[in-house]
Amino acid sequence: MTGIDQSRRGDPMSVRVRFAPSPTGNVHIGNIRAAIFNWLFARHAGGHFLLRIEDTDRERSTPEAVQAVLDALAWLDLNFDEPPLYQSTQKHIHLQAAETLVEKGLAYKEDKGGKGQGECILFRMPGTDMAFHDEIKGDLRKEAKDLKDFVIVRSDGSPVFHLGNVVDDITQGITHIIRGDDHVENTFRHVALFQALGATVPHYAHLPMIVNAQGKPYSKRDGAAYIGDFREKGFHPGALFNYLSLLGWSPGEDREKMTRAEAVEWFTLDRVKSGPAQMDLKKLTHLNQQYLTEMAPDAFFDIVAPILKRTSWGGKADPAYIRQVSALMQSRAQTFSAAETWKYFFVEFPDYDDNAVSMHLKKAAIPPLLSALRSTVAANDFNAAELHRAVRGVEASGGLAEGKLNQPLRVALTGTTIGAGIFETMLLLGRDRSLARLDLALNRFCAG
RNA sequence: GCGCCCAUCGUCUAUCGGUCAGGACACUAGGUUUUCAUCCUAGUAAGCCGGGUUCGACUCCCGGUGGGCGCGCCA
């Protein structure tokens, strides 16, 4: 008896996979990609996706760090099927397994010296060449001489990663281990442990790593390598999920943008690539814009409203007004953070861009026309049809081609050359603010 | 240093011996749009190198080069 409850391994046909992060405060993009692939695999197979928190590092494993993992999974909607297993609660089972191995002669105690800490427990490798089949990398083998005994319990009595990891996989009845390929070499040890513990060896699949724009492994200084960063930068979880699923995997037939259901339906391990993949923020952003455009206006508003609330100028705006601005600007937002550029809708007077001003308001012909337009607008009803008629009328009287007054008007009203349709924008700004801004622009930029 | 893995446009990829080597992002040039964004059209751009096997290799084999990972009482 190993002391490990193997009852959950019941149906050998039922797939059980797990995401087993160690909570360190931030969830790395590579880790979450592993979670996505595990989730996809489980859902495709109609199996179970489990979560295990490897919280044996008491220093870093704070409740906040655990919450960060849970938040990341929730944000990406990676739902798991059973309560998470906290590795720290399994310590006695790990140790019992180690004792069993010692009793069977499959592990032994030894004082390796060092800092004089006493005896630790080492696992005895079989002494033969080993091989296992990787669903992604194919058949992998290692010669006996490269497989050395290793510590499974430290001299201070704490279980080492390899032991805890394997024992917990047995406890959770894991059938397929899908993880980053930095674990490939460990797998020989793990296979030996599964066998020594009398458990069925699970199937393995090692995922290629995600590297940075320089083709190097992501490090702290690369930034934006944590999923919280992407959330803060205004990415849609669906877009990130879609994009990440395409890093190292492809459904073929030129399919890229896909729904979750499609990804689940098409996902198979044999279509996972084996070489490292680079993140491309540009492509992610492009996908993101598509996701934002397709969102229901209310859903878009729900996310954008809190972002505006946090700005110095959008804090106390009327929700109904925000909803209108949101609806107008949604289709041109690449990320949710684009809302931070909507300032001119929420203040009395906009910040004027110097280039825009000199380009569109400094020409001699413009001031008199804007002035005339100001009078016409003030004298008529403030609606789209009238505004349109007013602008066209002034253009005609000034000998300008149709549409040539639009940009000067836009700059006078918003301070910038880019934005949604100028008439729609004006209607949102309202009659008073529009007239006031025209006056200000006329006085400040067109006088003298 | 030793071991293992990988190698198609700048990037993500399709291709499972015979294709004008396809798609997407990015880029360039047009078009639509009052600006921007969107959208449409077109274009530039790839099989790391060297040997084999084969009637025929991006595809199979060997070598080289380059890159990644591993070699802890870390996880």
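Could you tell me which residue of the range A:190-218 is least open to solvent (accessible area, probe 1.4 Å), considering only residues that are more than 20 Å from A:Gln96 (Cα to Cα) and polar (S, T, N, Q)?
This residue is A:Asn212.
Just the residues that are within 17 Å of A:Leu70 (Cβ to Cβ) and within 14 Å of the chain's Cα centre (by Cα), please, taken from the range A:30-57.
Hits for the range A:30-57 are A:Asn31, A:Ile32, A:Ala34, A:Ala35, A:Ile36.
Answer yes or no: is there a residue in the range A:139-161 that is within 36 Å of the chain's Cα centre (by Cα), part of a helix (DSSP H, G or I) and away from RNA strand B (no atom under 15 Å from the Cβ).
no
For the range A:265-279: of the residues being buried (at least 18 other Cβ atoms within 10 Å of the Cβ) and within 25 Å of A:Thr293 (Cβ to Cβ), which is farthest from RNA strand B (Cβ to nearest atom)?
Checked the range A:265-279; the qualifying residue farthest from RNA strand B (Cβ to nearest atom) is A:Trp266.
Which is open to solvent by 20 Å² or more (accessible area, probe 1.4 Å), of a type outside the set (A, V, I, L, M, F, W, C) and at pLDDT 95 or above, of A:Arg52, A:Arg43, A:Arg60, A:Arg8?
A:Arg43
Take A:Asp229 and tell me if it is open to solvent by 20 Å² or more (accessible area, probe 1.4 Å) and at positive phi.
For A:Asp229, the condition - open to solvent by 20 Å² or more (accessible area, probe 1.4 Å) and at positive phi - is not met.
From the list A:Val411, A:Val377, pick out the single residue that is within 39 Å of the chain's Cα centre (by Cα) and either more than 10 Å from RNA strand B (Cβ to nearest atom) or at pLDDT 85 or above (or both).
A:Val411
Which residues, taken from the range A:374-390, are open to solvent by less than 30 Å² (accessible area, probe 1.4 Å) and closer than 13 Å to A:Glu424 by Cβ?
A:Leu387
What number of residues within the range A:162-183 satisfy the criterion of being in a helix (DSSP H, G or I) and in contact (Cβ under 8 Å) with a residue 24 or more places away in the chain?
12
Got at least one residue in the range A:373-395 being touching a Gly at 6+ places or on another chain (Cβ under 7 Å), in contact (Cβ under 8 Å) with a residue 24 or more places away in the chain and outside any helix (DSSP H, G or I)?
No, the range A:373-395 contains no residue that is touching a Gly at 6+ places or on another chain (Cβ under 7 Å), in contact (Cβ under 8 Å) with a residue 24 or more places away in the chain and outside any helix (DSSP H, G or I).
Give the residues of the range A:58-109 that are in contact (Cβ under 8 Å) with a residue 40 or more places away in the chain, assigned to a loop (DSSP other than H, G, I, E, B) and over 30 Å from the mean Cα position of the chain (by Cα), sorted by residue number.
A:Lys104, A:Leu106
If you scan the range A:414-424, which residues turn out to be in a loop (DSSP other than H, G, I, E, B) and within 6 Å of RNA strand B (Cβ to nearest atom)?
A:Thr417, A:Ile418, A:Gly419, A:Ala420, A:Gly421, listed by residue number.
Given the criteria surrounded by 17 or more Cβ atoms within 10 Å (Cβ to Cβ) and within 16 Å of RNA strand B (Cβ to nearest atom), does A:Leu442 qualify?
No, not satisfied.
Just to be sure before I move on: is A:Asp181 acidic (Asp, Glu), within 13 Å of RNA strand B (Cβ to nearest atom) and under 15 Å from A:Arg33 (Cβ atoms) in the structure I sent?
It is true that A:Asp181 is acidic (Asp, Glu), within 13 Å of RNA strand B (Cβ to nearest atom) and under 15 Å from A:Arg33 (Cβ atoms).
Test A:Leu308 against the criterion of being within 11 Å of RNA strand B (Cβ to nearest atom) and open to solvent by less than 30 Å² (accessible area, probe 1.4 Å), and give yes or no.
It is false that A:Leu308 is within 11 Å of RNA strand B (Cβ to nearest atom) and open to solvent by less than 30 Å² (accessible area, probe 1.4 Å).
Counting residues that are within 30 Å of A:Gln214 (Cβ to Cβ) and either of a type in the set (Lys, Arg) or under 20 Å from the mean Cα position of the chain (by Cα) (or both), which helices (runs of 4 or more DSSP H) fully inside the range A:276-342 reach at least 3?
In the range A:276-342, the matching helices (runs of 4 or more DSSP H) lie at A:281-294.
Against the definition (surrounded by fewer than 16 Cβ atoms within 10 Å (Cβ to Cβ) and either assigned by TED's automatic domain parsing to the domain that holds A:Leu50 or at pLDDT 95 or above (or both)), how does A:Asp182 come out, yes or no?
Spelling it out, A:Asp182 is indeed surrounded by fewer than 16 Cβ atoms within 10 Å (Cβ to Cβ) and either assigned by TED's automatic domain parsing to the domain that holds A:Leu50 or at pLDDT 95 or above (or both).
Looking at (1) at pLDDT 95 or above; (2) away from RNA strand B (no atom under 11 Å from the Cβ); (3) polar (S, T, N, Q); (4) within 19 Å of A:Thr187 (Cβ to Cβ), find the lone condition where A:Thr128 falls short.
Failed condition: (1).
Filtering the range A:189-230 down to residues that are basic (Lys, Arg) and at pLDDT below 95, which residue is nearest to A:Leu246 (Cα to Cα)?
A:Lys216
Report whether or not A:Leu413 is touching a residue at least 60 places away in the same chain (Cβ under 8 Å), surrounded by fewer than 18 Cβ atoms within 10 Å (Cβ to Cβ) and either among the β-branched types (Val, Ile, Thr) or not assigned by TED's automatic domain parsing to the domain that holds A:Ala327 (or both).
No; evaluated as a whole, the condition is false for this residue.
The values are calculated or read from the model by the stated rules, or taken from the named source; none is laboratory data. Please read all numbers here as calculations on a predicted model, not as lab measurements. With ideal geometry, Cβ positions are generated from the backbone for all residues, glycine too; neighbour counts draw on all protein chains shown. What goes into the accessible areas is simple: the full protein's heavy atoms, side chains included, and nothing from ligands, DNA or RNA. Shrake-Rupley method; radii C 1.70, N 1.55, O 1.52, S 1.80 Å.
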